[in-house]
Amino acid sequence: MTDYLLYVLGAFVLVQLLYYFFFFTRLAFYSKNTNYGESFPGVTVLVCAWNERENLEELLPLLDAQEYPEFEVILLDDRSDDGSEEYIRENINSWKNIRYIRINDQFEHVTPKKYALTVGMKQANYPVALMTDADCRPSSAHWITAMVSGITEQQEIVLGFSPYEKQAGLLNWFIRCETFYTAVQYLSFSLAGVTYMGVGRNILYKRSVFFKNKGFYTHRKIYGGDDDIFLNEVATSTNTTISIDPESFVYSKPKTSWGGWYRQKQRHLSVSRYYKTRNKILLGMLSGAHVGVWTFGLALLVLGLVSNNMFLLQIIGVIMGIRWFVQLLLLILINNKLGKTVEWASFLLMDLALYIYYVVFGIITLTKRKPRTSWN
């Protein structure tokens, strides 16, 4: 029995190590492109908002002050009734690059945010679209420049990084950990030619990509997916790149209650079932191996302690030690590239927290009905 459990544990660790070496090393040793070149295509920044006046008061001046040769910002206000419209109209003449589009209608055949983004794409004056959300803040005045630097004739999509602001408390720590590890996955996978998602808080692509794909037509009624389902459809092994220049980061305000975070994660996870089969298998194997390592590792640890089997405990220590050494080395290297948004000393605790997260949400996904969703 013990030998069988050890073989299974070893198999799960081997699967994780294969992912670490084949995918994660690409990001850990990635040389970011800081040569902005001489090409500066016109850029339209699209911001969708629904009752976000307080956030818009902070965000819009930052966007208007971006240092880029030719750009515009289109604010797509979807039926806000919190004074957003009054604020924009009072200040619109003081901004050089802000355009305002008020959306008063809602349609059954398309979700509100996807309709708003589609309107923005059609109204845009420039060939490149850069998306963010109202509760986000660019890390610098060179955000547009840093994101555009990845665009070439062949590479039409640029995936950015959008960490959450650091605040006090366990929830904030876990949100930052989970966001960091998600970024490790989607950025690494993209470098390996397997792009499966980006984050709508910081993603850029040529508008021609949007229209060639008929926009969000195939998933127009699904809440969410304007970033990940869309990329599942349009991204290829050659048309997508990433930007991890610190000036390209966009910081976002995190949820401050477990209930709000839970609803957000339900919405995000509910669209993953629409991913390509290949992507679902790759992601399922990675999270499954994570769960398997901890489940069988803990079971063997209990057996070793109960039976006082020091040899078994030593074997477990060697297996887990190798795994943790490789994991820590790569995550520290990646964390340094991604602005050190997670304290490296907490990576082992993060490893356990992610195990609990995968188990809990795995059970929820299997046992609960499709969650009700909202605009944002």
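The values are calculated or read from the model by the stated rules, or taken from the named source; none is laboratory data. Everything numeric in this text was worked out from a predicted model, so none of it was measured. Heads up, the Cβs are rebuilt from the backbone with ideal geometry, glycines too, and the neighbour counts pull from every protein chain shown.
If ILE88 satisfies all but one of (1) in a loop (DSSP other than H, G, I, E, B); (2) of a type in the set (A, V, I, L, M); (3) within 16 Å of ARG53 (Cα to Cα), what's the number of the condition it fails?
(1)
Residue under question is ASN213, and the condition is that it be free of Cβ contacts under 8 Å to residues at least 24 places away in the same chain and either in the same structural domain as ALA124 (by TED's automatic domain parsing) or surrounded by 23 or more Cβ atoms within 10 Å (Cβ to Cβ) (or both); does it hold?
yes
Modelled with pLDDT under 95, among the β-branched types (Val, Ile, Thr) and in contact with a Leu (Cβ under 8 Å, 6 or more places away or on another chain): does that describe ILE151?
So ILE151 passes the test.
Say we look at the stretch 228-269 and pick out the residues that are out of contact with any Leu (no Cβ under 9 Å at 6 or more places or on another chain) and charged (D, E, K, R); which of these is farthest from GLU153 (Cα to Cα)?
Among them, the one singled out is ARG263.
Out of curiosity, is THR236 closer than 24 Å to VAL110 by Cβ, assigned by TED's automatic domain parsing to the domain that holds LEU159 and hydroxyl-bearing (Ser, Thr, Tyr)?
No.
Go through LEU56, LEU63, LEU9 for me and flag whichever is in contact with a helix residue (DSSP H, G or I) (Cβ under 8 Å, 6 or more places away or on another chain), in a helix (DSSP H, G or I), at pLDDT 95 or above and assigned by TED's automatic domain parsing to the domain that holds GLU153.
When all the criteria are applied, what remains is LEU56.
Identify all residues within the stretch 221-256 that are in contact with a helix residue (DSSP H, G or I) (Cβ under 6 Å, 6 or more places away or on another chain) and either at negative phi or hydroxyl-bearing (Ser, Thr, Tyr) (or both); write none if there are none.
Passing the criteria: ASP226, ILE229, VAL234, THR240, ILE242, SER243, ILE244, ASP245, GLU247, SER248, PRO254, LYS255.
Here are TYR30, TYR4, TYR20: which of them is surrounded by 13 or more Cβ atoms within 10 Å (Cβ to Cβ) and either part of a helix (DSSP H, G or I) or of a type in the set (Asp, Glu) (or both)?
TYR20
List the strands (runs of 3 or more DSSP E) that sit entirely inside the stretch 98-206 and contain at least 2 residues that are in contact (Cβ under 8 Å) with a residue 40 or more places away in the chain and either buried (at least 19 other Cβ atoms within 10 Å of the Cβ) or of a type in the set (D, E, K, R) (or both).
Strands (runs of 3 or more DSSP E) meeting the threshold: 128-133, 136-138, 157-159, 203-206.
In the stretch 296-328, which residues are free of Cβ contacts under 8 Å to residues at least 12 places away in the same chain and assigned to a helix (DSSP H, G or I)?
Result: LEU298, VAL302, LEU305, VAL306, SER307, MET310, PHE311, GLN314, GLY317, VAL318, GLY321, PHE325.
So which of ALA353, ALA345 ends up being in a helix (DSSP H, G or I) and at pLDDT below 95?
ALA345
Is at least one residue of the stretch 30-48 of a type in the set (A, V, I, L, M), more than 28 Å from GLU153 (Cβ to Cβ) and in contact (Cβ under 8 Å) with a residue 12 or more places away in the chain?
no
Select from the stretch 190-240 the residues that are among the small types (Gly, Ala, Ser), touching a Ser or Thr at 6+ places or on another chain (Cβ under 6 Å) and either at pLDDT 90 or above or more than 25 Å from ALA134 (Cβ to Cβ) (or both) and list them in ascending order.
Selection gives SER190, GLY193, ALA235.
Confirm whether ASN336 is modelled with pLDDT of 95 or more, part of a helix (DSSP H, G or I) and within 19 Å of the chain's Cα centre (by Cα).
Spelling it out, ASN336 is indeed modelled with pLDDT of 95 or more, part of a helix (DSSP H, G or I) and within 19 Å of the chain's Cα centre (by Cα).
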